[in-house]
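Engineer: Submitted below is the structure of interest, expressed as C-alpha cells.
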Ligand SMILES: [Zn+2]
C-alpha cells in the first residue's frame, strides 16, 4: 500500500493514532525495548513494523530528520523487497517477509505446518539480535504470530526482555494478545490496531488505487475494516476466486438437498492440504459462511446497507427469500459450534460435513 499518511509516508491506511505515536517516539529519540502490535489480521501491522524498522535503520538520518532517505543501501534493500512483494503474490498474505532479512533486521514467524513457534526458532532469533551491530545501529527483531509462541519459547524470550539491551528493538505481532504470556505483555508497550472505517477504505481504493466506484464499494465492504484484505482481493485473482467459490457454495446450500451439499463440501477439500494448514483454511471457510448468514439476517432486518457481500447482493437476496429467520439463527449457532469443534481438533472435513447435513 502506498497511502500517504502524515510526514513519514507510512504505508498504512487508517490507524493514524499508531503512526502518530511512533513518530513522536522517533522524534524524541525514545524508541526502546519491546512493542506489541495487536489487532485483527490484515490491518497492516507487519507492513507498519517493517517500515518502522526501515526508518530506524536508514543510514542517512541526521539533525532530527526521520523520513527514510530512500537512497542508502538499507532503504534500497527495503524498497526492492517491497516491490518484489507486490509483483509476486506468494503465500497466504501475498507477502514473503523473509525476503527482508538483513544484518540488523530479523523476522520470524510461525512456519506453515507448525502449531507454534518453538524454542529453536526463538534461540536463533535471540542469538542474532545479540550480535553487536556493525555500525552501532539499531537491531530490530520482528516476531509474527507471537500468540503462537510455545511455552518454552515464551520463557526464553522473557529472559531476553528482562535484560534489555540498548538499541535492540523487538516487535511482537499478534491477532490474539490474550494468548501471549502475560509477563511478556507487561514488559511491552502495546499498540492496538483497530478495524478501519469502510468509508476510509473506499476512499483509499477509489483515490489512491484508482479503482472504479463499484469495485471500491464491493471490496471496501467485503474487507470488513481490513484495508490489506481489500487490496488482496483486488490484486490476487486466485485468492479472490477461492473466496468467491466458498461464498457461492454456501449460498447454494439453501436450495440443495443433503447429498448435493455433501458433494460440494467434498470439492472444497484439496487433497494436498493437511494438518494445521487445513485447520486454518477450514476456519477461514467458516468465517466466510458466517458472513453470509450475517448478510441474510441483515436483509431480514431491512439493513441491506450494512451488507458485507454486496459483490453478490442480488444472489444473496434471491437465495434468502423464503428462508425462515429461525433457520438462519440455527445456522449461525451451528457455525459457532463448528468453530469450537475445530479448536478441539475434530477433523475439518467432518466439521463441514456436519454443517452440510444439519443445515
Ligand atoms: Zn536510507
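Engineer: Go ahead and set up a Gaussian network model of the chain, Cα springs under 10 Å, then flag whichever of 107, 342, 43 fluctuates most.
Structural biologist: Evaluated over the chain, the most mobile residue of the options is 342.
Engineer: Roughly what % antiparallel, to the nearest 5, for the DSSP beta bridges in the stretch 16-192?
Structural biologist: Roughly 5 percent of the beta bridges in the stretch 16-192 run antiparallel, per DSSP.
Engineer: Another question, if that's okay. When the Cα centres of the stretch 187-203 and the stretch 300-357 are compared, how far apart do they sit, in Å?
Structural biologist: 27
Engineer: Just subtract the alpha-carbon distance of residue 273 and residue 315 from 0.36 nm times their residue separation and send over the number in nm, one decimal.
Structural biologist: 12.1 nm
Engineer: Moving to a separate point now. When the Cα atoms of the stretch 171-238 are enclosed in a convex hull and the volume is divided per residue, what value in Å³ results?
Structural biologist: Dividing the Cα hull volume of the stretch 171-238 by its residues yields 117 Å³.
Engineer: A further question on this structure: Of all DSSP beta bridges in the chain, what percent run antiparallel (nearest 5)?
Structural biologist: Of all bridge pairs located within the chain, approximately 5 percent are antiparallel.
Engineer: Same structure, new question: For the stretch 225-277, take every pair of Cα atoms, bin their distances at 5 Å starting from 0, and report each bin as a whole percent.
Structural biologist: The calculated distribution, bin by bin, is 4, 16, 19, 19, 19, 14, 7, 1.
Engineer: At q = 0.08, 0.15, 0.18 Å⁻¹, what is the base-10 log of I(q)/I(0) for the stretch 16-192 according to the Debye formula with one equal point scatterer per Cα and no solvent? Please give it to two decimals.
Structural biologist: Cα-only, vacuum Debye calculation for the stretch 16-192: -0.23, -0.87, -1.30.
Engineer: Compute the whole-percent fraction of alpha carbon pairs in the stretch 176-294 spaced more than 16 Å apart.
Structural biologist: Percentage above 16 Å: 71.
Engineer: I'm checking a number: the convex hull volume of the Cα atoms of the chain, normalised per residue, in Å³. What is it?
Structural biologist: Dividing the Cα hull volume of the chain by its residue count gives 142 Å³.
Engineer: Give the whole-number value, in cubic angstrom per residue, of the convex hull volume spanned by the C-alpha atoms of the stretch 101-219.
Structural biologist: 157
Engineer: Sticking with this structure for a sec: Can you give the direction-averaged projected area of the convex hull of the alpha-carbon atoms in the stretch 239-359, in nm²?
Structural biologist: Answer in nm², one decimal: 7.2.
Engineer: Could you work out how far the C-alpha centroid of the stretch 277-293 sits from that of the stretch 166-180, in angstrom?
Structural biologist: Centre-to-centre (Cα) distance: 26 Å.
Where a number appears in this text, it was derived from the coordinates with a stated rule and is not lab data. Just so it is clear, the structure is predicted and the values come from calculations on it, not from any experiment.
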